[in-house]
Each structure stands twice: as structure tokens, then as C-alpha cells.
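What follows is a short report on a single structure.
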């Protein structure tokens, strides 16, 4: 096969079924495209789904990956299980954009990229929140000497793993197992792959990203404010300017960041007690951040939403106002 859609699946059987059915409706599936499920669910529901609904499809493969307990390790496992030239890492809760597979296959055959970043849409239930997550509307090629440009323009967006199509063998050679546990080891892998190579951007939304179904929300503060900046700032062969354009080195030192994090329900008193109080930030910041941690999240969400509507209306590479507003409403149950 030219392309394998690799799905690292974890405890989302009902949503996975919708994802699979959306892919199976694509006419190109089974011609140049097959599908691999790497299942590290805590139960056997996904295995049961496969046996009852998809085992007779010769182009869908299910693998028991329970021993690969971490998200990062299961993502890498899903790529290793594929046997195709290209791999598209696909979220088990996402939906393929209808009709896009034909255009994608044509692009892969014609351009033969080593790294390809796909644009996407965002949705909640059946409502599309934004028609394009990335505001760049033209195809882009980042040459061998344009590493910083690539990181500046794509670094923030690459947190979404469903945007990635890569040559499988290149991924295998470039994967850094020391980054497992960061929840963003795929970014480190893409950064390693980019050194000395070109990367391409496909501006046509190819996948719909489901909002509000993440399974690692209990660790979201550490993931976004410690693991992610550490990974970005630890990248080799990229300038500090490029890294800083993606995320500040120490976001936990910013009261503005902590207030936004509280609005997104990532930050609370338990996090303050376990992390902030033990950190190296100054006493004043610890004192103010304490009051932020005990302020009702809905209060800060309403303030932040008003701020977005007035001052952050523009869709940029790092920020989508529609997506931010949708998440704040969803998390704080605001109508």
C-alpha cells in the first residue's frame, strides 16, 4: 500500500467506530490505502468492535498493544505496525474529511514528500467550529535550510497529531524514545526528520478534529506548561527565536498564562499546591497564583472570552478565536 492510516486507540470504542466508518466510505480505501489499529485500551471493547464489524475487511488490521501504555509509545507502535510507504497518524476520535483521500493520494504520488502536514477542521458533536484550523491557504514547501520557518509556522499546530503524514522508514529512523512520556514525542520526531530535508504543507482540510474527548485531561497542566515547552526548547538545530515563537520557555512563571489555564480548567488549587508552590517562581507570583487557583474557572472563562472577542479576533498560526471560545464554553458549560 502507498498509505496506511495508523490509529493509536485508547478507550474510545464508540468514537473509533465513527472514525472507521468515515474512512471506509472513501472510494480510495483498499486501493492505495489500508488501516492499522494499535489498541492499548484498558478493556476489550475495541477488540470486540473489530471482531464483530471489521475482521472480514482485509485492509483493516487490529493489534493488541496493551503493553504500550503511554500515548507516545502507542503512537510509535502504530507506525511500526504499518507496512506501507507513508503513514497518516489518525486520532481514534476524529473523522476524515469526505472526499479528501483522493486528493491526498494524488499529492503523495505526484510530489513524493517526506514530511507532510495536513490542515484540519474542528468540531463538537455535529457542529463545525472552524473550517480550517490553519489560516495558511496555499501549499508550502519548507526547504532544507528553512528549519526555523517551519517551526515558527507549524510548531504550535503540530501538537495535533492527526495532522501528520510521514514516510514510515524515516519515522522509524528518527524516533527518539527518550521523549516518551512527554505526550509530544511525535513533534520531536518530526523535528529530527526535518533536519536536512524538505517538509510540505497541504492546505486543504483533510481531517475533522473532535473537541472535548481527550483522555489525558488530568495531566493537562503539566503537559502544556512543562512537558511541551521542555520538548520545544530542547530541540536541536532550531534557533531560540523560533522556539520562543512557539511557546515561552517557562510558561508557569506567567500569571497571564496561569489565569488562562484556570479558565480552561487545567489549573486549580491542587495543581498550585503540588507544582507551583514547589517551583522556582518568586513569592509574589506564587501569592497571586494562589488566588487564581481558587477563583471559579467560569469567572475567568467569561473574562477571557470577553477579552478574546474584543482583542484577539484574528485567527493566527498560534491562536484560533473560534476554537478557544468553543473550548471555554464546553469546559465551563457556558451556553
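So what's the angle, to the nearest 10 degrees on a 0 to 90 scale, between helix 283-294 and the longest Cα principal axis of the chain?
Orientation of helix 283-294: about 70 degrees from the principal axis.
List the relative contact order of the stretch 220-331 as a percent without decimals, with contacts defined as Cα pairs under 8 Å and 6+ residues apart.
Result for the stretch 220-331 is 25 percent.
Mean-square fluctuation check for the chain, GNM, Cα pairs under 10 Å: which of 275, 190, 115 is largest?
Highest fluctuation of the listed residues: 275.
Could you work out which residue, out of 171, 272, 224, moves most in a Gaussian network model of the chain, that is, has the largest mean-square fluctuation with Cα springs under 10 Å?
Comparing 171, 272, 224 in a Gaussian network model of the chain, the most mobile one is 272.
What's the angle, to the nearest 10 degrees (0 to 90), between helix 100-111's Cα axis and the longest principal axis of the chain?
The helix 100-111 is inclined about 80 degrees to the chain.
Let me have the 222 nm mean residue ellipticity of the chain computed from DSSP H runs of 4+ only, each contributing -39500 (n - 2.57), with the sum over all residues rounded to the nearest 500.
It comes out at -10500 deg cm²/dmol, rounded to the nearest 500.
Express in nm, to one decimal, how much length is gained between residue 126 and residue 204 on full extension, taking 0.36 nm for each residue of separation and deducting their alpha carbon distance.
Between residue 126 and residue 204, full extension yields 26.1 nm more.
Based on the Kirkwood radius over alpha-carbon pairs, what value in µm²/s does the Stokes-Einstein equation return for the translational diffusion coefficient of the stretch 220-331 at 20 °C and 1.002 mPa s?
143
Which one, 39, 138, 148, has the greatest fluctuation when you compute a Gaussian network model over the chain with C-alpha springs under 10 angstrom?
In this elastic network of the chain, the residue with the biggest mean-square fluctuation among 39, 138, 148 is 138.
Nearest 10 degrees, 0 to 90: what angle lies between the long axis of helix 185-194 and the longest principal axis of the chain (Cα atoms)?
The answer is roughly 70 degrees.
Between residue 17 and residue 268, what FRET efficiency follows from the Cβ-Cβ distance if R0 is 25 Å, with the result rounded to 0.05?
0.15
P(r) tail for the chain, what percent of Cα pairs lie past 30 Å?
So the pairs more than 30 Å apart make up 36 percent of the total in the chain.
No lab work stands behind these numbers, since they all come straight from the coordinates. Source: prediction; values computed, not measured. No Cβ is skipped: glycine too gets one built from the backbone with ideal geometry, and neighbour counts run over all protein chains shown.
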